[in-house]
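The values are calculated or read from the model by the stated rules, or taken from the named source; none is laboratory data. Just so you know, these numbers come straight off a predicted model, no measurement behind them. FYI the Cβ positions are ideal-geometry reconstructions off the backbone, even for glycines, and counts take in every protein chain you see. The protein model used for the area step is the full one, side chains on, heavy atoms only, and it has no ligands, DNA or RNA in it. Shrake-Rupley method; radii C 1.70, N 1.55, O 1.52, S 1.80 Å.
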Amino acid sequence: MSGESLDLSGKVSDEVRKTTCYMCACRCGIDVHLRDGRIRYIEGNRDHPVNKGVLCAKGSAGIMQHYAPARLKAPLKRVGPRGSGRFEEISWDEALGMATDWLGQVRRADPRKLAFFTGRDQSQSLTGYWAQQFGTPNYAAHGGFCSVNMAAAGIMTIGGAFWEFGSPDWERTKLFVMFGVAEDHDSNPLKIGISKLKKRGARFVSVNPVRTGYSAVADDWIGITPGTDGLLILSLVHELLKARRVDLDYVIRYSNAAWLVIDAPGTAEHGLFARDGEGNALVWEGVTERAVAAGTRGVRATLSGRFQLEDGRHVVPVFELVAKAYLDPSYAPEAVAERTGVAAATIRGLAAEIGRVAFEEAIEVEQAWTDTNGQRHESFVGRPVSFHAMRGISAHSNGFQTARALHLLQVLIGAVDCPGGFRFEAPYPKPVEAHPRPHGKPEHFGSNQPLSGPHLGFPLGPEDLLLDADGNPARLDKAFSWDAPIAAHGLMHTVIVNAHAGDPYPIDVLFLYMANMAWNSSMNTAGTIAMLEDVDPATGEYRIPKIIVSDAYSSEMVAYADLVLPDTTYLERHDCISLLDRPISEPDSVADAIRWPVVEPDRDVRAFQSVLIDLGARLGLPAFVDSRGRALYRDYADYIASHERRPGIGPLAGFRGRDGERVGRGAANPDQVERYKQNGAFFQVHVPAEAAFFKHANAAWQDFAVRMGFFDKPQPVTFQLYSEPLQKFRLAAEGLREPAPPAAHRARIRSAFTPLPAWYPPLEEEAVDLAEYPLHAITQRPMSMYHSWGSMNAWLRQIHTANRLFVPGAVCDEHGLADGDWAWITSRNGRIKVQVARMEAVNGNTLWTWNAVGKRKRAWGLDADAPEAGKGFLLNHLIGDLLPPREDGSRRSNSDPVTGQAAWYDLRVRIEKAEPDTASEPRFPELELPQAERPDELRYGEEWSR
Ligand code: SF4
């Protein structure tokens, strides 16, 4: 909606245009105030489901993002060496002609030679679809270096995950426990939620090595040692099992705790579920002493024991394995205290509190409902303990199993999708089987051919891997190969190193959108820059021959592009926050949203999504042209309203049908985007009261989800405490199942793919000398800066202009360091010189700093003497993109072996005092980036001038 507001004298003042913020990934609703076509200020949209009027520092600083002098102004062609910053402005005709020429050659010859990767953008259902139509298997977004461990573990265990897939029940929870959440994450929703807890007097415990942000307002802070969260969680499970604080009715009803696991070591079916002829898992019926299909009405399934089936095979229920595994003394609080850095009494106290609140303070919502077995219930009964977790536990090489452990804990106490617990948000929950398998098997692609399905998905066993006939990876990033079998979001962090090495094969075009891979989005930054600049002496060509970059700003990566396609700001383009992509639903409502050009670009720039659609038509990609080869869509706005992924299902769920009155399913509506604008740029429909909880097994929710088009048939979820797909990979690693991994992969697959959640030390710790590198080093994202997005933002820069390395007091004392001293920090990958700050509210073995504050000199339109480039620094220089060489000389990426998640927080370092200095090291040569203006003064207001 847009409209004018009245000032106090009753005169018409601003025009207000409602759209969606994009200063971080939360997607809050904003009111943009304009006068004379210029933005005056931005405030929160009080009607919006995500933020309800709340606006953070980043959101209100959007004006400085929009008018930043660092904006690119026209397409660019590189005319000097990579990194020199020598570009020539070209027309869009020439730019699109070049891109079409390069991409067309690749598509005709070998589509694999395009690697198309996008950063933290929010149009992955379009970009993925485009890459699918192009026919390259080499597509993913940023998830592999962000939090794929959270997403994959959540979907494989409970059918949903934290972040935008669910939320604590802020209205009812009595104990909220948060693991490893950066303070900018899910920013406004978490702040609103935590303030609700504070008002109600609910307890909030934060587990994080650093006490900043959310941890600073927690009732209790547990300063855990990085990479040991899984051990702490499994110790809590140990205590809860010992105290019999387990909701047995819940686990029998909703999880696979009673399913029977075949006990036949050394055979191909060991550890798989016993099933009947129709594939249904079996449970042991205690009264009649026989195996029956899980879910059979009236059955009293047994949780413990060892039984023999009629065919002679022995079986045990999953819960028997759970109890045996976690009652082991190795998980006792005393046994894990030293390693986790958390006192045994603290662990015991937290477990007791979780058990007490869950079982002695249970709550009830009086609303009758029917489960998917047809049983009627008079109310929803809830265990009011909720959890939230994110990158702090995810970005470790053991993060997948840690996230699985947390979901196990939630299920054992009966706190998933109940009143007071963690609640799913639409379109979740969804069982892993209802997600696609990954597409891109070598036999399925060829020149000028689309892929037969989406790139990213969930393999259910080794047979779903993307391997060539010799077992080599089909994808450049090695996702869905033995390197990272369940890489559900791809491995963007391996793309440059693999493309440079031509491993598993060379590529011709690297196409990046919104990804600062030459700086803060890469491990081993200096090494990555060298790879981008490296020339093959045999040919005189760059080893990565052509690089296309689309970005709105002069980021460090732009300097390494051969062709730059300048994007608009988020206030100048259409966008779609889609249920097909990254939803913004709440537990009680389904929602999606748009962005639209609240101001017109004043430069020769184009919205990337529209450019991609244009390129799709120029290349003749099947879904972007009609039968006569003419462009199907005018631009992204046209695509949003017209495209149907399945009949009646499009990018937006609201205002569908010819008359705009249909919800979820319905014909395309040419006025749909306009209807969203009139509605405040979002759409929301409420979940029926009967469908509010236990969505995984709630008949009313399943009906609603089918009506809305989330699925075409009901998809109830049985929580997978024990994962059969993981066991299938393990059997392959034992040589008992085909395809089997090469010998070099077997040990790590066996140890990481445990069907029950397990903890193992982070892989870097295993590979380096801990006496040489005794300390951990991690980053936190500040509340006021989302990755490097605010690098050019004049307001946000004033909050974090330079960063220091925060050092525990005892470590300062040991090394004679005082506030403001300089220190060398050394890892196996390099060393940096930084200025330190003493801090007590941090784990005693952990150094930390703010993420992405350090900048390359003169990038982002900043002056050469900007503090970000002088005293600011990145930890990235210390983080190896590869683990140390193994005995046979081979190297693996620094990632979780299950999902390929980048292990940013596994870093080990040492610290030594340095001589006083004035700037941090390493010092990279200045970048002279094109088009970025550097005005002496930036002003905001009526007298705005640049
Ligand atoms: S949390 Fe802040 S930056 Fe993020 S979308 Fe909301 S207002 Fe914008």
So which pairs qualify, if the first residue must be in segment 571-585 and in a loop (DSSP other than H, G, I, E, B), the second must be of a type in the set (Ser, Thr, Tyr), the Cβ gap must be under 6 Å, and the two must be at least 6 apart or on different chains?
HIS574/TYR636; SER578/SER125; LEU580/SER125; ASP581/SER125
Given the structure, is ALA700 part of a helix (DSSP H, G or I), at pLDDT below 95, open to solvent by 10 Å² or more (accessible area, probe 1.4 Å) and of a type in the set (A, V, I, L, M)?
no
Looking at HIS396 and the list (1) in contact (Cβ under 8 Å) with a residue 24 or more places away in the chain; (2) assigned to a helix (DSSP H, G or I); (3) under 27 Å from VAL210 (Cα atoms); (4) not polar (S, T, N, Q), which single condition is not satisfied?
(2)
Considering only segment 197-208, I want to know if a residue exists there that is away from the ligand (no atom under 16 Å from the Cβ), crowded, with 24+ Cβ neighbours inside 10 Å and not in a loop (DSSP other than H, G, I, E, B).
yes
Taking interchain pairs and intrachain pairs at least six residues apart, which have beta carbon atoms under 6 angstrom, with the first residue in segment 451-465 and hydroxyl-bearing (Ser, Thr, Tyr) and the second surrounded by fewer than 18 Cβ atoms within 10 Å (Cβ to Cβ)?
SER452/HIS444
Within the set of pairs 6+ apart or on separate chains, which have a first residue in segment 74-96 that is farther than 14 Å from PRO925 by Cβ and at pLDDT 95 or above, a second that is of a type in the set (Asp, Glu) and in a loop (DSSP other than H, G, I, E, B), and C-beta atoms under 9 Å apart?
ALA74/ASP604; PRO75/ASP604; LYS77/ASP562; ARG78/ASP562; GLU89/ASP604; SER91/ASP604; TRP92/ASP604
Would you check if there is a residue in segment 575-585 being open to solvent by 10 Å² or more (accessible area, probe 1.4 Å) and modelled with pLDDT of 95 or more?
no
Determine which member of the set ILE486, ILE507 is over 19 Å from LEU114 (Cα atoms) and part of a loop (DSSP other than H, G, I, E, B).
ILE486
Given (1) within 25 Å of the chain's Cα centre (by Cα); (2) among the basic types (Lys, Arg); (3) assigned to a loop (DSSP other than H, G, I, E, B), index of the condition ARG748 fails
(3)
Is it fair to say PRO81 is within 16 Å of the ligand (Cβ to nearest atom), part of a loop (DSSP other than H, G, I, E, B) and over 19 Å from GLU933 (Cβ atoms)?
no
For segment 322-340, pairs from a residue that is under 17 Å from VAL251 (Cα atoms) to a residue that is open to solvent by 30 Å² or more (accessible area, probe 1.4 Å), with Cβ under 8 Å and 6 or more apart or across chains, are ALA323/SER304
Scan segment 621-645 for residues that are open to solvent by less than 30 Å² (accessible area, probe 1.4 Å), more than 15 Å from VAL611 (Cβ to Cβ) and in a loop (DSSP other than H, G, I, E, B) and jot them down.
HIS643
Do you know which residues across segment 286-312 are closer than 11 Å to LEU260 by Cα and out of contact with any helix residue (DSSP H, G or I) (no Cβ under 8 Å at 6 or more places or on another chain)?
ALA291, VAL292, ALA293, ALA294, THR302, PHE307, GLN308, LEU309
Tally, over segment 60-77, of residues that are buried (at least 23 other Cβ atoms within 10 Å of the Cβ) and more than 13 Å from SER791 (Cα to Cα):
3
Here are some conditions: (1) without any contact (Cβ under 8 Å) to a residue 40 or more places away in the chain; (2) surrounded by fewer than 13 Cβ atoms within 10 Å (Cβ to Cβ); (3) under 33 Å from the mean Cα position of the chain (by Cα). ARG939 meets all but one. Which one does it not meet?
(3)
Assess whether LEU652 counts as being in a loop (DSSP other than H, G, I, E, B) and either touching a residue at least 24 places away in the same chain (Cβ under 8 Å) or aliphatic (A, V, I, L, M) (or both).
yes
Given the structure, is VAL357 over 16 Å from ILE413 (Cα atoms) and of a type in the set (Val, Ile, Thr)?
no
How do the pairs read when you match residues in segment 489-503 that are among the hydroxyl-bearing types (Ser, Thr, Tyr) with residues anywhere that are open to solvent by 10 Å² or more (accessible area, probe 1.4 Å), using Cβ under 7 Å and keeping only pairs 6 or more apart or on different chains?
THR494/LYS478; THR494/SER893
For the structure I just gave you, tell me whether ARG475 is open to solvent by 20 Å² or more (accessible area, probe 1.4 Å) and not in a strand (DSSP E or B).
no
Every residue in segment 495-515 that is open to solvent by less than 10 Å² (accessible area, probe 1.4 Å) and modelled with pLDDT under 95, please.
ALA515
For segment 43-54, which positions are crowded, with 22+ Cβ neighbours inside 10 Å and either near the ligand (Cβ under 9 Å from one of its atoms) or on the phi > 0 side of the Ramachandran plot (or both)?
VAL50, ASN51
Got at least one residue in segment 27-38 being assigned to a loop (DSSP other than H, G, I, E, B), at pLDDT below 95 and either of a type in the set (Ser, Thr, Tyr) or within 16 Å of the ligand (Cβ to nearest atom) (or both)?
yes
Looking at TRP102, is it in contact with a Pro (Cβ under 8 Å, 6 or more places away or on another chain) and of a type in the set (Phe, Trp, Tyr)?
no
Is there a residue in segment 876-886 that is open to solvent by less than 20 Å² (accessible area, probe 1.4 Å), closer than 30 Å to ASP936 by Cβ and outside any helix (DSSP H, G or I)?
no
Meets criteria (closer than 26 Å to PHE693 by Cα and surrounded by fewer than 18 Cβ atoms within 10 Å (Cβ to Cβ)) for GLU443
no
For a quick check of your reading: which strands (runs of 3 or more DSSP E) sit entirely within segment 814-871 and have at least 3 residues that are over 23 Å from GLY223 (Cβ atoms)?
822-827, 830-839
Which of the residues spanning segment 160-192 are in a loop (DSSP other than H, G, I, E, B), among the hydroxyl-bearing types (Ser, Thr, Tyr) and within 16 Å of the ligand (Cβ to nearest atom)?
none
Filter pass, ASP626 being more than 24 Å from the chain's Cα centre (by Cα) and more than 23 Å from ILE42 (Cα to Cα):
yes
Given the criteria among the small types (Gly, Ala, Ser) and modelled with pLDDT under 95, does SER522 qualify?
yes
Answer yes or no as to whether PRO537 is open to solvent by 10 Å² or more (accessible area, probe 1.4 Å), closer than 26 Å to ARG891 by Cβ and free of Cβ contacts under 8 Å to residues at least 12 places away in the same chain.
yes
